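Asks: Here you go, one structure.
The values are calculated or read from the model by the stated rules, or taken from the named source; none is laboratory data. Predicted model only: the values in this text are computed from it and were never measured. Ideal geometry is used to build each Cβ from the backbone, glycine not excepted, and the neighbour counts take in all protein chains shown. What goes into the accessible areas is simple: the full protein's heavy atoms, side chains included, and nothing from ligands, DNA or RNA. Shrake-Rupley method; radii C 1.70, N 1.55, O 1.52, S 1.80 Å.
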Amino acid sequence: MKLSGWGQFPRIDCHVTAPRTDAEVAAALTKGHAIARGNGRAYGDSAASAQNTVDMRGFNRMIAFDDATGQVVAEAGVLLGDVINAFLPRGWFPPVTPGTKFVTIGGMIAADVHGKNHHKHGTFGAFVDWIDVMGADGTVQRCSPTENADLFAWTMGGMGLTGIILRAAFRLSKVESAWIKQTMIPAANLDAAMDVFEASGEATYSVAWIDCLSAGDALGRSLVMLGEHAPRDTLDLEKRRRPFDIAAKSKRSIPFNAPSFALNSLTVRAFNAAYFYNGQRKAGDSFVDWDSYFYPLDAILGWNRIYGRKGFMQFQCALPLDSSKKGLEALLRATSVAGQGSFLAVLKRFGAQDSRFSFPMEGYTLALDFPVNPETLALMKQLDQITLDHGGRFYLAKDARMTPETLRSADPRVDEFLNMRAAAGRAATFSSAQSERLKL
Amino acid sequence: MSNKGSVLILGGRSDIGLAVAHQFAASGHPILLAARNSQSLEAEKKDIELRHGVNVSLHDFDALDTASHGAFVDGLGDLPEIAVCAVGVLGDQFENEQNTETAIEVMRANYEGPASIMGVLANRFEERGSGALVGISSVAGDRGRASNYIYGSAKAGFTAFLSGLRNRLAKRGVHVVTVKPGFVATKMVEGLDLPEKLTADPKELGEKIEAAVTRGKNVIYVKPIWAIVMMIIRNIPEMIFKKTSI
Ligand SMILES: Cc1cc2nc3c(=O)[nH]c(=O)nc-3n(C[C@H](O)[C@H](O)[C@H](O)COP(=O)(O)OP(=O)(O)OC[C@H]3O[C@@H](n4cnc5c(N)ncnc54)[C@H](O)[C@@H]3O)c2cc1C
Ligand SMILES: NC(=O)c1ccc[n+]([C@@H]2O[C@H](COP(=O)([O-])OP(=O)(O)OC[C@H]3O[C@@H](n4cnc5c(N)ncnc54)[C@H](OP(=O)(O)O)[C@@H]3O)[C@@H](O)[C@H]2O)c1
């Protein structure tokens, strides 16, 4: 079966099994070269192995919920969206969420995902109480910060390379409504945007959409969006009566791949200009429902197809705080000069992060989308170098084309990761197309 | 909890049956899962209860043990409002051409057992004067084809049975829905290479079946394309059809 990540690049012919029981997972592992696959929302080749891809979406049952602590116990293939559907009406919301709800709990743990609140709450891993991990020999270990703590720590951000996550217990946060109070602040350039972030450390959520075709004095022109879960008594009467109800949305979908000329620098330029212009008009406060606030792109199913058959790639790096400004300027300038518009350009502030192999570090993270073509591939190499020059690193959940050398220059943690992989037969049993490309 | 009527799923371990259970549970209906060895469905029960906040009960049921069907329905306690039969066995056509024993098992599991239990429920629903019966048949029953006529003939029987039942009960307040899925991505067809555009997700069946019950539809193909495909297949003259390999 041909598999790819969300970027539809690369496409790999994979042997796939879909186990539903621990025993079936164990049987699949005996063939080696196994990698768990969640819902395929990593952009590149993290969740594909030509020899042995283990589709975990059959592990889709919720096991327990504790109304006192908000702890959910669920199988690893349960979708985040289903967790929200089940527990938001009872006043609970995920403490950390990526920009799509179509991810599995296993995928969220393996990539140790971050949200718009990383500066305050860290990654999803901080809210995981325990996981059951199946190792190379088919035995299952319960891992937590106190039990099998090493394996627990390496599995957060370990990209499936430490074993198969079967089940997990994680905590939700209490919320009073399904609404977010959003504050939109236009920023004329990168300096202004960073000033807003630095002044908004107390905001629960913050993120900026950058118009990355703007240049000169307007380089990094952006809309910074802050958000708070709206307390019930701040809502208008109608919403207050049913604080967890939002109107059902109609889903639009992109049924087929658009021709690749649909997204060229002209259309991207027009999109960014329009987006920015509209955003400026909407500056200020508004109440936005959770689905539109956290997952605006989920409303257009299959939006990845607008990039056409050749697919697209995302570039996402994190830069340390002290070199963020210089680094971001250089990244944006290179993108602007190359004229390779990014449809999505997202900037976030990261808080401190202390973990074995997770992506975030205190500073800033920038994510850019590009269609796959020789020019953007060349540009991304340039962006790699700029990131390295500024002491940054790269998000494996977005990567589809980095070289092993780039990864090693960026991340001194690789050596220890390899030592961990060498133990307990992991390297022989678990590998993905990405781990083979990156020699991980 | 809710005051919606309960939904009985016969074949409660089936992927389609469970998808239908989730769909009705999400709308607030209590669920009864009936299957062989039903206590092994504890995890599914818990999952449905957690997600949708409805009651779920488990009941032992063997479609082939037709003598037990009356007692099975008595044992449910309150008569469910809706019953969905997702029992079925695909079997191996080639093996079944050689072996009458296994062939008869497929025929019984797709026709005799389902028809028996639907018949018992029909009488109870008729007595009460309300309810909906949903039978999951298959497009395979629309015309016998070399590649699966043993399964297909049993489904054809079930389709005809449901059609007659609908005709009988139409004036009695009981509605009968015949579901004819094409390909559905379930464990029944795991490992077969199915065309993506023609293959439904079990979740789609759940949605379509709930809609058919609420709107009083009689016969549904799950993906509209299948209605067209099967119309063409049904209309190919036998002289030509017998030489094809569809
Ligand atoms: C529109 C969009 C927005 C996004 N926004 C963000 C964001 O804001 N922040 C962020 O951090 N990420 C973001 N992502 C990335 C996404 O959250 C991660 O890639 C996530 O891992 C995807 O989960 P998945 O279930 O689809 O996993 P997959 O893509 O299938 O797999 C991802 C990795 O997890 C591993 N894995 C999956 N399941 C298991 C398991 N059961 N056991 C062991 N390993 C497993 C795989 O081996 C693979 O290495 C975004 C992605 C998209 C498409
Ligand atoms: N998948 C498709 O492409 C497709 C297409 C058209 C129609 N259908 C029909 O859809 C229905 C559901 O099938 P599915 O796809 O969900 O496959 P499935 O998961 O294999 O479900 C079939 C179910 O039938 C049950 N069953 C078989 N014999 C039984 C018996 N004697 N007593 C009680 N239960 C029995 C099985 O129970 P156990 O778990 O106990 O074995 C199993 O749960 C079937 O009628 C099938 O023919 C499927």
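Asks: Dipole size in debye (nearest 20) for the range B:78-128 around its Cα centre, Lys and Arg Cβ +1, Asp and Glu Cβ -1?
Replies: 200 debye
Asks: Could you tell me how many degrees, from 0 to 90 and to the nearest 10, lie between the Cα long axis of helix B:42-52 and the main elongation axis, the longest principal axis, of the Cα atoms of chain B?
Replies: 70 degrees
Asks: Same structure, new question: If you count the DSSP beta bridges with both ends in the protein assembly as shown, what percent of them are antiparallel, to the nearest 5? Intermediate values should be presented prior to the final figure.
Replies: Details: 63 of 100 bridges.
That works out to approximately 65 percent antiparallel.
Asks: Measure nothing but the geometry: give the 0 to 90° angle between the long axis through the Cα atoms of B:113-128 and the longest principal axis through the Cα atoms of chain B, rounded to 10°.
Replies: Helix B:113-128 sits at roughly 40 degrees to that axis.
Asks: Still on this structure, please answer the following. Could you state how much accessible area A:I185 has, in square angstrom rounded to the nearest 10, with a 1.4 Å probe and all protein chains kept in place?
Replies: Result for A:I185: roughly 50 Å² accessible.
Asks: Calculate what fraction, in whole %, of the accessible area of the range A:135-221 sits on carbon and sulfur atoms when a 1.4 Å probe is rolled over the protein chains.
Replies: Details: 1600 of 3210 Å².
Answer for the range A:135-221: carbon and sulfur cover 50 percent of the accessible area.
Asks: If I build a Gaussian network model for chain A, linking alpha-carbon pairs within less than 10 angstrom, which residue out of A:A18, A:A208, A:A168 has the largest mean-square fluctuation?
Replies: A:A18
Asks: Using the heavy atoms of the protein chains alone and a 1.4 angstrom probe, what is the accessible area of the range A:162-210 per residue in square angstrom?
Replies: 33 Å²
Asks: So, counting K/R as plus one and D/E as minus one, what does the shell of residues with Cβ under 12 Å around A:I12 add up to?
Replies: Within the 12 Å Cβ shell, the charges total +1.
Asks: Shape of the range B:57-99 from its Cα gyration tensor (a ≥ b ≥ c, root eigenvalues): rounded if a/c is under 1.5, otherwise prolate when a/b > b/c, or oblate?
Replies: Working: a/c = 3.89, a/b = 2.43, b/c = 1.60.
Verdict is prolate for the range B:57-99.
Asks: Using only the alpha-carbon atoms, what does the range A:179-407 span along each of its principal axes? Please give whole angstrom values in decreasing order.
Replies: Extents along the principal axes, in whole Å: 57, 43, 38.
Asks: A further question on this structure: Once Lys and Arg get +1 and Asp and Glu get -1 on their Cβ, which of B:M230, B:T102, B:L41 lies farthest toward the positive end of the dipole of the protein assembly as shown?
Replies: Most positive-ward Cα: B:M230.
Asks: Another one. Counting only heavy atoms of protein chains, what accessible area per residue, in Å², does the range A:377-428 have with a probe of 1.4 Å?
Replies: Roughly 44 Å² per residue, with all protein chains present.
Asks: Residues of the range A:57-100 losing 50 Å² or more of accessible surface, assembly versus chain alone, probe 1.4 Å, please list them.
Replies: A:R61, A:M62
Asks: Quick one: Cα centre-to-centre distance for the range A:367-381 and the range B:98-176, in angstrom?
Replies: Rounded to whole Å, the Cα centres lie 57 Å apart.
Asks: Continuing with this model, one more query. So what is the accessible area of chain B per residue, in Å², with the probe set to 1.4 Å?
Replies: On a per-residue basis, 47 Å².
Asks: I would also like to ask the following. Using the per-residue mean of other Cβ atoms lying within 10 Å as a proxy for protection, in what order, highest first, do the peptides B:102-113, A:20-31 fall?
Replies: Details: B:102-113: 20.3, A:20-31: 16.2.
Ranking, from highest mean packing down: B:102-113, A:20-31.
Asks: Continuing with this model, one more query. Any chance you could run the full-extension gain for B:T102 through B:D193? It's 0.36 nm times the residue separation minus the Cα-Cα distance, nm to one decimal.
Replies: Extra length available between B:T102 and B:D193 comes to 30.3 nm.
Asks: Another question, then. Can you list, bin by bin at 5 Å, the percent of alpha carbon pairs in the range A:1-106, starting at 0?
Replies: Taking every Cα pair in the range A:1-106, the percentages come to 2, 12, 20, 20, 17, 13, 9, 5, 2, 0.
Asks: Might you work out the accessible area of A:W6 for me, using a 1.4 Å probe with all protein chains in place, and round it to the nearest 10 Å²?
Replies: Its accessible surface works out to 30 Å², give or take rounding.
Asks: Name the residues of the range B:34-66 whose accessible area, probed at 1.4 Å, falls by at least 50 Å² once all protein chains are in place instead of their chain on its own?
Replies: B:L50, B:R51
Asks: Let me know the shape class of the range B:176-246, please: from the alpha-carbon gyration tensor, a ≥ b ≥ c as square roots of the eigenvalues, rounded when a/c is under 1.5, otherwise prolate if a/b is greater than b/c, or oblate.
Replies: Oblate is the answer for the range B:176-246, as a/c is 1.5 or above yet b/c matches or exceeds a/b.
Asks: As I understand it, the dipole of chain B uses +1 on the Cβ of Lys and Arg and -1 on the Cβ of Asp and Glu, about the Cα centre. Which of B:A63, B:A25, B:S130 lies farthest toward its positive end?
Replies: Towards the positive end, the residue furthest out is B:S130.
Asks: Also, quick follow-up: P(r) for chain B: what percent of alpha-carbon pairs falls in each 10 Å bin, starting at zero?
Replies: So the P(r) values, bin by bin, are 7, 32, 38, 18, 4, 0.
Asks: Grab the Cα-Cα distance for A:E198 and A:R240, subtract it from 0.36 nm times how many residues apart they are, and report the gain in nm with one decimal. Show your work: numbers first, answer last.
Replies: Numbers: separation 42, 0.36 × 42 = 15.12 nm, distance 3.27 nm.
So the chain would gain 11.9 nm between A:E198 and A:R240.
Asks: To the nearest 20 debye, what is the magnitude of the charge dipole of the protein assembly as shown about its Cα centre, counting +1 on the Cβ of each Lys and Arg and -1 on the Cβ of each Asp and Glu?
Replies: Values: 75 positive and 73 negative charges, 403 e Å.
It comes to approximately 1940 debye.
Asks: Which of the DSSP-defined H helices in chain A satisfy a minimum axial length of 20 Å, computed from C-alpha atoms, and a minimum mean Kyte-Doolittle hydropathy of -0.5?
Replies: Those that pass (Cα extent of 20 Å or more, hydropathy at least -0.5) are A:265-281, A:321-338, A:374-389.
Asks: Ordered by packing density, taken as the mean number of other Cβ atoms within 10 Å over each peptide's residues, highest first, how do B:60-69, A:74-83, A:99-108, A:120-129 rank?
Replies: A:99-108, A:74-83, A:120-129, B:60-69
Asks: Classify the protein assembly as shown: rounded, prolate or oblate, from the alpha-carbon gyration tensor (a ≥ b ≥ c, eigenvalue square roots; a/c under 1.5 rounded; otherwise prolate if a/b is larger than b/c)?
Replies: prolate
Asks: Once you list every other residue whose beta carbon is under 12 Å from the beta carbon of B:T102, what net charge do they have if Lys and Arg are +1 and Asp and Glu are -1?
Replies: Net of charged neighbours comes to -4.
Asks: In whole Hz and in residue order, list the ³J(HN,Hα) couplings for the range B:85-100 that follow from phi through the Karplus curve 6.51 cos²θ - 1.76 cosθ + 1.60, θ = phi - 60°; x for Gly and Pro.
Replies: 9, 10, 6, x, 9, 6, x, 10, 3, 5, 4, 5, 5, 8, 10, 5
Asks: Separate question: 5 Å is the cut-off here: which amide hydrogens, built 1.01 Å from N in the peptide plane, fall below it relative to A:E362, excluding neighbours closer than 5 in sequence?
Replies: A:Q353
Asks: For the range B:62-199, what is the charge dipole size about the Cα centre, in debye to the nearest 20, if Lys and Arg each add +1 at the Cβ and Asp and Glu each add -1 at the Cβ?
Replies: That gives the range B:62-199 a dipole magnitude of about 780 debye.
Asks: Karplus couplings for the range A:219-230 from phi (6.51 cos²θ - 1.76 cosθ + 1.60, θ = phi - 60°), rounded to Hz, Gly and Pro as x?
Replies: 3, x, 3, 8, 10, 9, 10, 9, x, 9, 4, 6
Asks: A follow-up question, please. Cα axis of helix B:15-26 to longest principal axis of chain B: angle in degrees, 0 to 90, nearest 10?
Replies: The two axes meet at around 40 degrees.
Asks: Same structure, new question: Can you check what the net charge comes to around A:D66, using other residues whose Cβ is under 13 Å from the Cβ of A:D66 (Lys, Arg +1; Asp, Glu -1)?
Replies: +1
Asks: Which whole-angstrom value gives the distance between the alpha carbon centres of the range A:134-163 and the range A:1-56?
Replies: 18 Å
Asks: Same structure, new question: Would you grab the residues whose amide H sits under 5 Å from the one on A:K398? Only those 5+ places off in sequence or on another chain, please, with H modelled 1.01 Å from N.
Replies: Those lying under 5 Å, H to H, from A:K398 are A:Y43.
Asks: A further question on this structure: Under a GNM of chain B (C-alpha, springs under 10 Å), which listed residue has the highest mean-square fluctuation: B:V219, B:V229, B:V174?
Replies: Judging by the Gaussian network model, the answer is B:V229.
Asks: To the nearest whole number, what is the average tally of beta carbon atoms from other chains within 10 Å of the beta carbons of peptide B:187-199? Mind showing how you got there, number by number?
Replies: Numbers: counts 3, 0, 0, 4, 2, 0, 1, 0, 0, 0, 0, 0, 0.
For this peptide, the per-residue mean of nearby foreign Cβ atoms is 1.
Asks: Dividing the convex hull volume of the alpha carbon atoms of the range B:1-141 by its residue count, what do you get in Å³ per residue?
Replies: 115 Å³
Asks: In Å² (nearest 100), what accessible area is buried between A and B, both sides summed, heavy protein atoms only, 1.4 Å probe?
Replies: Chains A and B together bury roughly 900 Å² of accessible area.
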